[in-house]
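Note sheet for the following structure.
The values are calculated or read from the model by the stated rules, or taken from the named source; none is laboratory data. Here the structure is a predicted model, which is why all the values come from computation and not from measurement. Cβ placement follows ideal geometry from the backbone for every residue including glycine, while neighbour counts extend to all protein chains displayed. The accessibility values were calculated without ligands, DNA or RNA, using every heavy atom of the protein model including side chains. Shrake-Rupley method; radii C 1.70, N 1.55, O 1.52, S 1.80 Å.
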Amino acid sequence: MDYTTLPNTNIKVSKICLGTMTFGEQNTEAESHAQMDFAFESGINFFDTAEMYSVPGRKETYGSTEKIIGTWFKKTGNRENVILATKIAGPNRNLNYMREENDFSRESLTYALDQSLKRLQTDYIDLYQIHWPNRSVPSFGTMYFDPSKDDLQMLSIHQQLETLGRFVQEGKIRYIGVSNETPFGVHEFIRLAEQYQLPRIATTQNVYCLVNRTVENALDESLYRLGVSLLAYSPLAFGLLTGKYDLSGTTGQHAPSDSRISKYESIRKQRWGRTSALTAARLYNALAIQHGLTPTQMALAFCYNKWQVASTIIGVTSIAQLDENLDIYGAVLSEEILLAIDQIRN
């Protein structure tokens with residue numbers, strides 16, 4: 001396993017990060033602990049979670065993932081050997097069971113962080129992230145910025161940074177990051193941090209895979225020039241890039257019964273259930289097979305080797321899947337395959 005130091009931090013993370021959103025929904029506590037054991041023993045020192053996990057978010061499982069990670073820390077004593085990242089959810093009327101106000105006020109941030117610390121059985125978070133902006137931005141399946149929908153009572157980025165800076169001073173968090181952000185948002189977080197001597201974001205966690213390369217539409221240049229690392233999530237597009245949906249219907253409605261797109265309507269209705277996403281995935285999967293690779297091998301090798309990516313977040317439901325994903329690390333795609341990938345995208 002290779003490691004990289006996140007810019008402007010003393011955090012060294014593995015190039016593969018263990019995603020945990022299945023813990024407490026598709027995986028039991030025992031299965032989740034086994035995944036963390038296997039990942040840790042394989043050299044992964046970077047775990048990512050969120051207060052709203054497991055996924056799909058619902059009242060009955062809210063916070064279950066963090067609790068499972070917390071019991072693993074208590075059982076193994078490995079807290080000091082893991083770089084732990086978690087996230088606070090942004091405004092969403094469907095998540096009002098988490099706290100009275102799903103905003104980024106000082107009160108909400110304080111409550112959310114304290115609850116995460118309690119569930120995780122730790123007194124600090126290495127990387128605390130804003131899960132999504134409190135602005136109307138293209139994310140979770142939406143493609144375009146729409147000014148007419150920008151009607152949220154937006155708490156300023158400056159105020160968010162002030163509160164997060166207080167947490168850093170108190171020792172509750174070490175560094176901060178954002179997620180599902182845009183070039184504008186990244187620039188504002190950096191500009192205001194530098195202007196007011198507040199903590200600088202170290203990372204942004206955005207979707208990045210063969211069927212969603214929007215990071216390359218200007219965000220990658222912003223990250224490069226501002227010294228912010230990309231944590232790439234959904235490298236397999238919720239399974240579309242494994243080939244398991246290739247024989248299903250046009251929207252994946254005949255997908256394997258244990259798949260997330262098949263089981264959860266909320267996921268199917270978002271970006272991964274669209275006909276266009278499935279059509280594109282089939283083209284990439286066919287290309288992989290044409291070159292003697294599995295679809296999973298090509299999709300992960302693509303992310304693992306991109307200069308834009310500091311660490312790729314992988315989420316699985318079994319040790320066998322985790323082993324396969326780790327085994328692919330180190331594989332390099334030929335120039336012929338990379339050219340063919342770009343031709344499909346175009």
* Can you check what the net charge comes to around Ser222, using other residues whose Cβ is under 12 Å from the Cβ of Ser222 (Lys, Arg +1; Asp, Glu -1)? => -3
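Would you work out the charge dipole size for the range 147-207 about its Cα centre, treating the Cβ of every Lys and Arg as +1 and the Cβ of every Asp and Glu as -1, and quote it to the nearest 20 debye?
Computed about the Cα centre, the dipole is about 220 debye.
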* To do: Provide the per residue accessible area, probe 1.4 Å, for the chain, rounded to a whole number of square angstrom.
  => 44
* Structure fact -> Of the candidates Pro56, Thr20, Tyr3, the farthest towards the positive dipole end of the range 1-93 (Lys/Arg Cβ +1, Asp/Glu Cβ -1, centred on the Cα centre) is Pro56
* Accessible-area composition of the chain, carbon plus sulfur, in percent [1.4 Å probe] -> 49
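What FRET efficiency comes out for Glu100 versus Glu60 if R0 is 22 angstrom and r is the Cβ-Cβ distance? Round to the nearest 0.05. Before the final figure, lay out the partial values.
Numbers: r = 19 Å, r/R0 = 0.87.
According to the calculation, E is roughly 0.70.
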* Report, in deg cm²/dmol and to the nearest 500, the calculated mean residue ellipticity at 222 nm for the chain, where each DSSP H run with n ≥ 4 adds -39500 (n - 2.57) and the sum is divided by the residue count. => -11500 deg cm²/dmol
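Given the Cα-Cα distance of His158 and Gln121 and 0.36 nm per residue of separation, how much length would full extension add, in nm?
Additional length available on full extension: 10.4 nm.
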* Restraint check, Lys118/Lys172; Lys59/Lys149; Lys15/Lys306, Cα-Cα greater than 18 Å -> Lys59/Lys149
